[in-house]
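What follows draws every value from the coordinates through simple rules; no lab data is involved. Predicted model, so just to flag it, every value in this text is computed and none were measured. Reconstructed Cβ throughout: ideal geometry from the backbone, glycine too, with neighbour counts over all protein chains shown.
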Amino acid sequence: MPGMPGRPSRPSRRRIGVVLAVLACGGGLAACGSDAETTYVDGWDDACSDVGDAVSAFRTAVSSAATDSPDAGDAQAVRGPSPAAVRGDLLEPAVELRRDLAAVAGEVRALTPPERWAAWHGREVQQLTLRLRTVDRGVARLRAGDPDALPLLAVGSIGPSSVRAPAGLRDRTPECTVLR
């Protein structure tokens, strides 16, 4: 009972939560990162999530096309896929993947990195631009009916998932380090 001598009052759950949050941040909010830093981290996490969604949709479309393909012993499979079949089965999902990756690249370019991560960010934007060019070559080859272009659409992981990424950023972007 509050007010009884010798018995301390119990703190509210809310007060305990606030105290724990402050302690988790090293005694002050500055240790948790600034609002600009949090915006940057969240931007990368969103970008990685968007890439994961785009790659997953692409894989599903390619897998669906593969289940509709002739079996290995069929005469059509022996002849190899026709350019029209490649364009019909793979081009649209590849173009969608390319569009989604271009949107992500735009989002990443628009992020304003904290000074301590600016050099890494610049290099990562360059890497993402190079990957987008590789995807462009893959889409162009698929448009021409070349099924061997499919590996060019393997995007891989981006951003903070890299071992070259700053640990403080990598640790705060779970969408970038999830295995898909």
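Stretching residue 125 away from residue 103 to a fully extended chain increases their span by 6.6 nm, per 0.36 nm per residue minus the current alpha-carbon distance. Ranking of 178, 163 by neighbouring Cβ atoms within 10 Å, starting from the fewest: 163, 178. For a paramagnetic label modelled on residue 56 (point 7 Å from Cα along Cα→Cβ), amide N atoms under 14 Å away belong, within the range 136-180, to 175-180. Packing around the peptides 152-162, 132-142, 107-117, taken as the average count of other Cβ atoms within 10 Å per residue, puts them in this order, highest first: 152-162, 132-142, 107-117. Taking a Cβ cut-off of under 10 Å around residue 117, the surrounding Lys, Arg, Asp and Glu residues balance to a net charge of -2, with basic ones at +1 and acidic ones at -1.
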